[in-house]
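The values are calculated or read from the model by the stated rules, or taken from the named source; none is laboratory data. Bear in mind that the values here come from a model prediction, so they are computed numbers and not experimental data. A quick note on method: Cβ atoms are made from the backbone with ideal geometry, for glycine too, and the neighbour counts reach across all protein chains shown. Ligands, DNA and RNA are stripped out before the accessible areas are found, and what is left, the full protein with its side chains, is counted by its heavy atoms. Shrake-Rupley method; radii C 1.70, N 1.55, O 1.52, S 1.80 Å.
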Amino acid sequence: MPPTSAQYNVTILDHHWFNDEIYELRCTRPPGFTFQPGQFVELGHQHLEREYTIVSAPEEAVLRLLIKRMPQGNLSVLLAELPPGTILNLSAAKGYFCFQPSDKQPCFIATGTGIAPFIAMYAAGVRDFTLLHGVRHPSALVYRNELNAAARCYMPCLSAPIPTGTDFPCFQGYVSTYVRTVLPHGDYDFYLCGRRAMIHDLTHLLDERYPQARIYSEAYD
Ligand SMILES: Cc1cc2nc3c(=O)[nH]c(=O)nc-3n(C[C@H](O)[C@H](O)[C@H](O)COP(=O)(O)OP(=O)(O)OC[C@H]3O[C@@H](n4cnc5c(N)ncnc54)[C@H](O)[C@@H]3O)c2cc1C
């Protein structure tokens with residue numbers, strides 16, 4: 001394993017846009033760069049540096065990051081505009097939000113781009129999970145087909161009204177409402193990623209409803 005203080009240069013290859021605010025930034029993968037699915041990197045350009053979770057499969061030649069262009073955001077906006085060929089600074093992979101196999105059923109709960117570590121876990125072969133993905137609009141349900149095929153239960157939770165013509169099952173409401181009103185009782189390990197407010201609310205709810213469950217979390221804000 002490279003030391004966590006290791007620094008790399010990577011080159012932007014391209015952007016893949018899922019909608020007008022969420023994109024995948026694809027970069028070269030430096031020789032010797034390793035990571036565990038679920039880990040993040042610090043990505044830097046000029047004086048700016050922010051954390052982003054890797055969504056690539058472990059052996060993939062390209063480094064992929066799923067990024068939301070934040071309104072008034074500094075680096076997420078800049079990264080969206082930088083052309084292919086631009087060099088960025090990259091830290092070693094960091095963090096502990098990794099899949100912990102156990103005899104319990106994994107239940108992944110994400111808001112927005114908090115889906116990123118679960119894409120990496122799926123890409124590394126994790127299957128048969130329950131996945132709740134909270135977004136406003138179906139266009140933010142990135143990797144929906146792949147995740148749906150791999151999951152035991154995949155449920156998009158839309159905070160805005162479900163658009164007419166949506167031809168796949170969705171829950172109208174927050175992920176926390178789904179957990180409170182629909183999620184079957186069971187023996188789960190919970191993994192929560194995304195908005196801190198969601199993690200805060202759900203941790204309390206899960207503690208009450210599933211006192212034996214392990215809860216792992218990663219806050220993005
Ligand atoms: C461990 C970790 C992993 C992360 N992984 C990802 C990832 O995979 N994809 C991703 O898109 N982001 C991820 N983030 C968030 C990311 O690091 C940045 O915070 C985000 O891109 C905003 O940076 P910015 O420079 O554009 O905005 P800033 O200039 O830092 O902030 C601009 C405005 O946006 C607000 N803001 C900043 N971040 C958020 C947020 N996450 N939610 C709501 N409001 C916010 C600020 O309060 C401010 O008002 C992760 C964060 C952490 C801590």
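Quick notes on this one:
- Selection status of Tyr143, more than 21 Å from Arg29 (Cβ to Cβ) and either surrounded by 14 or more Cβ atoms within 10 Å (Cβ to Cβ) or of a type outside the set (Lys, Arg) (or both): no
- Which numbered condition Gly73 fails, given (1) more than 22 Å from Ala124 (Cα to Cα); (2) in a strand (DSSP E or B); (3) within 7 Å of the ligand (Cβ to nearest atom); (4) not basic (Lys, Arg): (2)
- Evaluating Tyr96 against the criteria (1) open to solvent by 40 Å² or more (accessible area, probe 1.4 Å); (2) more than 24 Å from Thr130 (Cβ to Cβ); (3) within 11 Å of the ligand (Cβ to nearest atom) leaves one unmet condition, (2).
- Residue check, Gln105 within 13 Å of the ligand (Cβ to nearest atom) and over 18 Å from Thr53 (Cβ atoms): no
- In region 9-40, the residues that are more than 17 Å from Leu82 (Cβ to Cβ) and open to solvent by 20 Å² or more (accessible area, probe 1.4 Å): Phe18, Asn19, Asp20, Arg29, Pro31, Gly32, Thr34, Gln36, Pro37, Phe40
- Near pairs, Cβ below 6 angstrom, 6+ apart or cross-chain, from region 88-103 (assigned to a loop (DSSP other than H, G, I, E, B)) to any residue that is open to solvent by less than 10 Å² (accessible area, probe 1.4 Å): Ala93/Val41; Phe97/Gly38; Phe97/Pro117; Cys98/Gly38; Phe99/Met121; Ser102/Asp189
- Whichever residue in region 53-70 is open to solvent by 30 Å² or more (accessible area, probe 1.4 Å) and farther than 15 Å from Ala124 by Cβ and, among such residues, is farthest from the ligand (Cβ to nearest atom): Ala61
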